[in-house]
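A short worksheet on the structure shown next.
The values are calculated or read from the model by the stated rules, or taken from the named source; none is laboratory data. These numbers come from a predicted model, not from an experiment. Cβ placement follows ideal geometry from the backbone for every residue including glycine, while neighbour counts extend to all protein chains displayed.
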Amino acid sequence: MTLSNLSREERRFEPPRELAENANVKEEAYERAARDREAFWAEQADRLDWGRTWDRVLDWDNPPFAKWFTGGTINAAYNCVDRHVENGQGDKVAIHWVGEPEDDTRDLTYRDLKDEVCRAANALTELGVKKGDRVAIYLPMIPETVVAMLACARLGAPHTVVFGGFSADALASRIADCGAKVVITADGGYRRGAPSALKPAVDEAVGKAREQGQEVETVLVVRRTGQDVEWTAKHGGDGGRDVWWHDVVDSAFPEHEPEMHDAEHPLYVMYTSGTTGKPKGILHTTGGYLVGTSYTHWAVFDLKADTDVYWCTADVGWVTGHSYMVYGPLANGVTQVVYEGTPDTPHKGRWWEICEKYGVTIFYTAPTAIRTFMKWGADIPAKFDLSKIRLLGSVGEPINPEAYIWYRDTIGGGKVPVVDTWWQTETGQIMISPLPGVTHGKPGSAMKALPGVAADVVTDAGESVPDGSGGYLVLTEPWPAMLRTLWGDDERFKDTYWSRYADQGFYFAGDGAKKDEDGDLWMLGRVDDVMNVSGHRLSTTEIESALVSHPKVAEAAVVGASDDTTGQAVCAFVILRESALQGDGTAPDDLIEELRKHVQKQIGAIAKPRQIMIVPELPKTRSGKIMRRLLKDVAEHRDVGDVTTLADSTVMELITTKLSSGK
Ligand code: 6R9
């Protein structure tokens, strides 16, 4: 059965002429890459500095286990820092770091970064970290986080970054799964205007990891907030493990000879939640990953490294922070902003204030953030000068057409291209996106696979669907930054991604998608989010977009709840724009009916929600994805399930209290 293709979008935006004329990537790249994919990627690999050149671009002799640039050697940290210093860019700012407390800022040049990475690499070596050892990183968004990742990469010690908002349990299971013997953390970080502790969770996690068979030998602690911490000194003679970062890193030697690692040497493991069971440790290796991320960062953002100021707002605990804050941008020698805190601290214009102050030209964020700003109102960004922004990016979820238009108009002054970038932790790099100088913008569509990438939308049987139809998104050829396996679990790797279309050899992404009449791609969310209403397969995304297109709605989440007559019924959870609320903060009585009719008009009677609930917040993961599973529990009157991967675990309480109060 294919997805019903219901909504239509007629708006189009041509690339600005100047951007198109000076674009890094032109139309011809698609054809050139399709003609000889391997030659195309080999050409992209030349943007990096290699120790030894590869013998083979791609070894696909044993699918689905790919090897890229075999025989080649490379050091990721060398490519991200040293070579820029050697190329005369040492004084260029690599990171404008902005702490959450106002005026707590630091600028790091590429030379500063190189020295710090070398010091940290020397300090880690002193602490016994060797090539191949795994290091867990549990830090806030501070410069030391980037330094720690690059120091690990330099030594060839794969890191696993765990989001600072995750619990001790989540940290423990990741430490145990990948066998980390060192954890790098901080006393705490700043979050919503107050210091929030990290070290106690690490202490707890170390104990829990021990129960799971993994002994952590060293906990390296950055002093960030100055709050009190429990301490068992590593060299205190009592079997302790704690070491202050400033004690060992600040005094270390700022030079360090980088070893050139095999192109397939593991770079990092990033855990991502599976639909069931324990999180999957996605393994990325060095050479191909760096080629894929640096090329796509340059191509999709039309990067002009000499003049652009780039800002990706993602947390480093998410793959976007790895590929498009650390490895891609730094390999490209860009100047970028890194911000520690939340967008509303101390005021709701903080992000725009930062954009104005540093003259941000390329801005990359998630639809969830955009919809939050829509809710707060356009007058907030209007107070700041955002005229330097020339390109806007979106990632993490389908961007609703209304959110796209708001982003383009309000943040981009109505003239700036928006690139909607589809990819996954597993893909490592952006796969489907417009090219800003080539592709026209179509609100809500990620358009088409990038040069060198091959994607399709197929039926259950693996046949390509015609234009105007929906199905499953697959990737039909290997790509350089692809995951190599799941850490310690080759079988689950094959099973999860490669078994569904084993005959065709396609990678199954787990997303629904459709091709519109022009053949452009629309992402419809995870296939498990698809509903079946009276035999029609409806995508949650399309109904959510219809709701968000109503002027009173800021955000919407739709789930299918079991229904005696229709199989499943559409249940919607809606956050209103602040301007839509009445004086007492409640919604007008007739609004729910108005919204139901609005969906009916936009999509059709079949999609009309059975029920609409007005809520103050939605449950989201750290990357801003709505956890519909939890809302489904509410819609089906069950106890709410596991909330440990929510960015804010109190949200579900807020929702259930609100709904039971009946207001
Ligand atoms: C980078 C990242 C991957 C899933 C992916 C899809 C959704 C990401 C999207 C998008 C529609 C986009 N997704 N970008 N859906 N349009 N532009 O988010 O990685 O956290 O692993 O999530 O996110 O459902 O399968 P990850």
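Within segment 72-113, which residues are farther than 25 Å from PRO140 by Cβ and polar (S, T, N, Q)?
THR73, ASN75, ASN79, ASN87, GLN89
Would you check which residues across segment 101-136 are part of a strand (DSSP E or B) and either out of contact with any Gly (no Cβ under 9 Å at 6 or more places or on another chain) or touching a residue at least 60 places away in the same chain (Cβ under 8 Å) (or both) and list them? Reasoning before the result, please.
To start, the set of residues in segment 101-136 that are part of a strand (DSSP E or B) comprises 105-109, 134-136.
Result: ASP107, LEU108, ARG134, VAL135, ALA136.
Go over the candidates ASP306, ASP302 one by one and state the one that is of a type in the set (Asp, Glu), buried (at least 22 other Cβ atoms within 10 Å of the Cβ) and closer than 26 Å to ILE362 by Cβ. Spell out the reasoning first.
Values: ASP306 fails: buried (at least 22 other Cβ atoms within 10 Å of the Cβ).
Going through ASP306, ASP302 in turn, the sole match is ASP302.
I'd like to verify a number: residues in segment 145-165 that are within 20 Å of ARG83 (Cα to Cα) and not aliphatic (A, V, I, L, M), how many? Step through it out loud before you land on a result.
Initial filter on segment 145-165 (within 20 Å of ARG83 (Cα to Cα)): 146-156.
Retained after the next criterion (residues that are not aliphatic (A, V, I, L, M)): 152, 154, 156.
Of the residues in that region, 3 qualify.
Identify the single condition in (1) without any contact (Cβ under 8 Å) to a residue 40 or more places away in the chain; (2) under 26 Å from GLY377 (Cβ atoms) that LYS608 does not satisfy, given that it satisfies every other one.
For LYS608, the exception is condition (2).
Does ALA77 qualify as being at pLDDT 95 or above and closer than 21 Å to VAL183 by Cα? I'd like the intermediate steps shown before the answer.
Numbers: at pLDDT 95 or above: yes; closer than 21 Å to VAL183 by Cα: yes.
Yes, satisfied.
Matching residues to (1) within 16 Å of the ligand (Cβ to nearest atom); (2) buried (at least 18 other Cβ atoms within 10 Å of the Cβ):
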position: ALA513; (1), (2): yes, yes
position: GLY519; (1), (2): no, no
position: ASP529; (1), (2): yes, yes
position: LEU538; (1), (2): no, yes
position: HIS550; (1), (2): no, yes
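May I ask you to verify whether THR335 is within 16 Å of the ligand (Cβ to nearest atom) and polar (S, T, N, Q)?
Working: within 16 Å of the ligand (Cβ to nearest atom): no; polar (S, T, N, Q): yes.
Criteria not met by THR335.
Within segment 628-643, does at least one residue satisfy the condition of being farther than 27 Å from ALA378 by Cβ and within 16 Å of the ligand (Cβ to nearest atom)? Step through it out loud before you land on a result.
Taking segment 628-643 first, the residues farther than 27 Å from ALA378 by Cβ are 628-643.
Those left that are additionally within 16 Å of the ligand (Cβ to nearest atom): 628-629.
Yes, segment 628-643 has at least one match.
Quick one: ALA29 ticks every box in (1) over 27 Å from THR313 (Cα atoms); (2) in contact (Cβ under 8 Å) with a residue 24 or more places away in the chain; (3) surrounded by fewer than 17 Cβ atoms within 10 Å (Cβ to Cβ); (4) of a type outside the set (D, E, K, R) bar one, so which box is it?
Every listed condition holds for ALA29 apart from (3).
Checking SER445 against (1) in a loop (DSSP other than H, G, I, E, B); (2) closer than 30 Å to TYR268 by Cα; (3) within 11 Å of the ligand (Cβ to nearest atom), which single condition isn't satisfied?
(2)
Which residue pairs have Cβ atoms closer than 8 Å, lie 6 or more positions apart in sequence or on different chains, and pair a first residue in segment 438-467 that is on the phi > 0 side of the Ramachandran plot with a second residue that is acidic (Asp, Glu) and part of a strand (DSSP E or B)?
GLY444/ASP420; MET447/ASP420
Residue by residue, here is whether (1) under 23 Å from the mean Cα position of the chain (by Cα); (2) closer than 25 Å to PHE69 by Cβ holds:
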site	(1), (2)
PRO466	no, no
TYR472	yes, no
GLU477	yes, yes
TRP487	yes, yes
GLU491	no, no
TYR507	yes, yes
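List pairs: first residue in segment 516-538 and on the phi < 0 side of the Ramachandran plot, second residue assigned to a helix (DSSP H, G or I) and near the ligand (Cβ under 9 Å from one of its atoms) anywhere in the structure, Cβ distance under 6 angstrom, at least six positions apart or on different chains.
LEU524/THR541
Among the helices (runs of 4 or more DSSP H) lying completely within segment 565-663, list those that include at least 2 residues that are out of contact with any strand residue (DSSP E or B) (no Cβ under 6 Å at 6 or more places or on another chain) and surrounded by fewer than 15 Cβ atoms within 10 Å (Cβ to Cβ). Full working, then the answer.
On the way: elements: 591-602, 628-635, 651-661.
Those helices (runs of 4 or more DSSP H) span 591-602, 651-661.
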